[in-house]
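First comes the structure, then the notes that go with it.
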């Protein structure tokens with residue numbers, strides 16, 4: 001059996017596998033391509049997110065959407081200052097009732 005015989009046998013096996021498992025091979029290939037494209041798109045969005053947000057904000061401010069410039073302006077001013085009081089030491093209220101101990105025999 002010469003070189004052509006082995007090549008023909010290899011091509012027959014490959015053809016048979018592609019015909020038998022065609023949905024698996026094609027579906028797996030498209031899933032691989034889709035996941036790679038999604039990963040590159042996500043990486044691009046993460047790297048250039050500030051530029052994208054600036055372009056979006058400027059285009060929305062330039063458009064005639066009512067109320068959007070006010071929202072962007074409020075966010076740039078800053079958030080409202082709220083004071084949160086935290087007690088110094090943890091304490092239980094007197095009405096708190098503990099469950100009975102597990103090993104109280």
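Taken together, the values in this text are just the output of simple stated rules run on the coordinates, not laboratory data. The model shown is predicted, which means the values in this text are computed figures rather than measured ones.
How much length would be gained if the chain were fully extended between residue 17 and residue 60, taking 0.36 nm per residue of separation minus their Cα-Cα distance, in nm to one decimal?
Computed gain between residue 17 and residue 60 is 10.1 nm.
By how many nm would the segment from residue 31 to residue 45 grow when fully extended, if each residue of separation counts as 0.36 nm and the alpha-carbon distance is taken off?
Full extension of this stretch gives 3.0 nm more.
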